[in-house]
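Quick notes on the structure that follows.
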Amino acid sequence: MAIEYPKLLDTGAGFSGSFVAETLRIREKERCMLREAFDNDPAAQIVTKVRSEEALLKAGALQSAIFNSANFSCIATDANGVIQIFNVGAERMLGYAAAEVMNKITPADISDPQEVIARAEELSVEIGTTITPGFEALVFKASRGIEDIYELTYIRKDGSRFPALVSVTALRDAQDAIIGYLLIGTDNTARKQIEAEQKLLSQQLRDHEHIVLQKEQLRALAERLQWVREEDRKRVARDLHDQIGQILTAIKMDLTWVTRHLPESEVEVLARLTESIQSINDGVKAVRAICSGLRPGVLDDLGLAAAIEWQASEFASRNGVSCQVSVPPIDLHMDGDRATAAFRIFQECLTNRLP
């Protein structure tokens, strides 16, 4: 019996978003082999194959839990930008059913075209090379290994718009070749509303007699905006770590169990399972990278000094430049909000250091 492989896998193994289709493919092949086993194999081997299929079904159920989360949109594409995965959160935010967009459009088609053109122009000036407006403009930095989190206006199916905070990660195979992209977004409406309030208050401050009092109000609003931003980052990072991270780990354990209990004669199935486990490992690494970019855990766990040293080390490793940090021997005692602000200032200093 011939097995029809998902189009997404034609680009090679290693796509962290492809473990869903990979498991489904293995599960279909297992069904075919199980049917043959009833005619040709001993009874003991049939029992092993039944248990293997049950484990794979459990892995599939765990995988589906990823797409039942409505807290964030998860859109995965192939190397050409065509959408391959469109989770429940994306459906809720954008109003499309997954079947309406998968294998049909790219994320650029649901983004504000003027913003995409503007981003392409900005990147062209920044990089010194022409960037074509479209999907390339959305993933160009990620394709070069640069962490990329930006704001973008998404367009819903009904034509309405909403601001989103989008994190983009390039997905690579075992040979480090790009085989797709993962775009994780959150609705940024609340933050934009606060920014609008801040802009209105700023205008009122210019005409108000009690400038001192209103400066204090503006400062409080700015602090509230910063707090909302950091809370959003922490929430998304926590959701990614707690939900997707644990699910990926459970899937890996199930697939490892299947690998250990299959007969050694099932060479092709074992090879496919090994590729799936490697894809899951890549997915875990991608989740950790996104979580660190949104909210480094070391800042909350070990404090500002350790977070600054960690960020300097990451910057040096990622960009291949020497970076030395001198931290006072005494502990830097700051409350959470001030420590976060100091850490973000340090991040901006490192970013501005790049040519």
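Neighbour counting of Cβ atoms within 10 Å sorts the residues Leu165, Leu171, fewest neighbours leading, into Leu165, Leu171.
Counting beta carbons within 10 Å around each of Val267, Val212 and listing the fewest first gives the order Val212, Val267. Residue-wise HN-Hα couplings along the range 112-124, as the Karplus relation 6.51 cos²θ - 1.76 cosθ + 1.60 with θ = phi - 60° gives them from phi, are 4, x, 5, 5, 5, 5, 4, 5, 4, 5, 5, 5, 4 Hz; Gly and Pro carry x. In plain terms, the chain from Leu221 to Cys323 could stretch by 33.2 nm, reckoned as 0.36 nm per residue minus the Cα-Cα distance.
Estimated from the Cβ-Cβ distance and a Förster radius of 35 angstrom, the FRET efficiency linking Ala316 and Thr274 is about 0.55. Footprinting exposure proxy ranking of Lys252, Lys215, fewest other C-beta atoms within 10 angstrom first, gives Lys215, Lys252. Under the simplified labelling scheme, the Arg338-Ala118 pair shows an inter-label distance of 3.7 nm, with each label point 7 Å from Cα along Cα→Cβ.
Could you sort out which of Lys141/Lys252; Lys141/Lys234; Lys192/Lys285; Lys104/Lys285; Lys157/Lys252 sit more than 25 Å apart by Cα distance in this structure? The answer is Lys141/Lys252; Lys192/Lys285; Lys104/Lys285; Lys157/Lys252.
Rule-based calculations on the coordinates, nothing more; no lab input. Note that the coordinates shown come from a computational prediction; the quantities given were computed from them, not determined experimentally. Positions of Cβ are generated from backbone atoms using ideal geometry, with glycine treated the same way; all protein chains shown enter the neighbour counts.
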